[in-house]
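Read through the structure below, which is laid out as structure tokens, and then see the notes.
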Amino acid sequence: MSARPTYGRYSRGAADGTQRADGTEVADGEPGALITTDGQVQWGRLLLGPGTDFWIAAEGLTGWEELPGLESSDANRPAGHGGWPGTQWAQPRTVTAQVWLAPDPDGGPEAALAALLALRRATAVRDDEQWLAVRIHGETLAVRARVVQRVVPTDRQFLATRLARATLQWKAMDPRRYASVARRATVGLPRREPGLTWPLTWPLNWGTPGAVGEVTVENAGSAPAHPLISVAGPCAVPRLAKHDDGTWLEYGLTLSPGDVLEIDTADGTVLLNGTASRRHTATVGSAPEELFTLAPGATRLSFRAESGDADLASATVTWRSAEW
């Protein structure tokens, strides 16, 4: 079986991630892979900050640690003081950085031009988002964003000293900042314990331990996180439920051996084997995919099906802890 491609929020490789002691795995292709020290910023493959040709100015970043703008459905009381609190929704996040273009002074005009070309390529106009990662005090967080502004003053200072104070600005449509490491947990269908084998012989053989078909995942951040769920067959009418609020995702279809149903709860897509949409197979009572999130803290999940092979069928949950 060939490895699956890399998608926006998660690396969907084969089971080649790092295994943690709690049974979860670290997915490959993480944002901020080039960052080695505090104060560095990685945009795509361009590294900014200490040790690079692009110094972050003393003002640092604006819009990174601040809360994004908020939309509210608050309503004033028509006949009384105050009002009723409504739902709050975060607006897109805008991040601005003042960056000194500071190539090696011994490199001459060639080094200045090389740095300028690298900045141009990294900040070109593009439709798709990519990772913007920042490390502060040992913590690396990242957003999916696009460049919306680049200002490089071509003034006398730049021509004479090859130093320029540039302004870079990104816009992240999803304002949440995500952990640089994605985590993955897999759970199978419940399995009964076979018990003792008769006639009894010593030492007693209790058989293979059973399984309850449950797993706990932890969002270590302060914002709800949207997981990516992959259900592998064979099984019929797969269902993944959350214990904390009683919501579930369930689909009225049968997965054959080798079939994989991928539910992207952020984009609201349900794809069979990566191509065919199966969102319409959601059963009555199944939650809208976009509302199936992992709240901050631990979430207990259970995997069930009307029928299936307990040795082969499984549900894999991939997520990044999210911060405001």
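Each residue in the range 254-284 was checked for being in contact with a Ser or Thr (Cβ under 6 Å, 6 or more places away or on another chain) and surrounded by 19 or more Cβ atoms within 10 Å (Cβ to Cβ), and 1 of them qualify. Inspect all residues belonging to the range 220-230 and state whether any of them is surrounded by fewer than 18 Cβ atoms within 10 Å (Cβ to Cβ), in the same structural domain as residue 277 (by TED's automatic domain parsing) and of a type in the set (Ser, Thr, Tyr). Yes, some residue in the range 220-230 is surrounded by fewer than 18 Cβ atoms within 10 Å (Cβ to Cβ), in the same structural domain as residue 277 (by TED's automatic domain parsing) and of a type in the set (Ser, Thr, Tyr). Only residues that are aliphatic (A, V, I, L, M) and closer than 30 Å to residue 120 by Cα were counted in the range 54-95, giving 6.
Looking across the range 264-295, the residues that are of a type outside the set (Ser, Thr, Tyr), more than 21 Å from residue 186 (Cβ to Cβ) and part of a helix (DSSP H, G or I) come down to 279, 280, 290, 291.
Scanning the range 16-42 for residues that are part of a loop (DSSP other than H, G, I, E, B) and modelled with pLDDT under 50 returns 16, 17, 20, 21, 22, 23, 24, 27, 28.
Among the residues examined, residue 317 qualifies as assigned to a strand (DSSP E or B) and over 14 Å from residue 189 (Cβ atoms).
For residue 45, the stated conditions hold: it is among the basic types (Lys, Arg), under 18 Å from residue 146 (Cα atoms) and modelled with pLDDT under 95.
All of 120, 165, 156 fail the test of being crowded, with 17+ Cβ neighbours inside 10 Å and either free of Cβ contacts under 8 Å to residues at least 40 places away in the same chain or over 24 Å from residue 178 (Cβ atoms) (or both), apart from 165.
Note on the range 30-70: residues that are surrounded by fewer than 11 Cβ atoms within 10 Å (Cβ to Cβ) and among the charged types (D, E, K, R) amount to 1. Being under 25 Å from the mean Cα position of the chain (by Cα) and farther than 18 Å from residue 301 by Cβ narrows it down to one residue among 268, 258; which is it? None of the other options fit; the residue is 268. Of the residues 298, 310, the single one that is part of a loop (DSSP other than H, G, I, E, B), surrounded by fewer than 21 Cβ atoms within 10 Å (Cβ to Cβ) and assigned by TED's automatic domain parsing to the domain that holds residue 214 is 310.
The values are calculated or read from the model by the stated rules, or taken from the named source; none is laboratory data. Just so it is clear, the model here is predicted, and its values are computed rather than measured. FYI the Cβ positions are ideal-geometry reconstructions off the backbone, even for glycines, and counts take in every protein chain you see.
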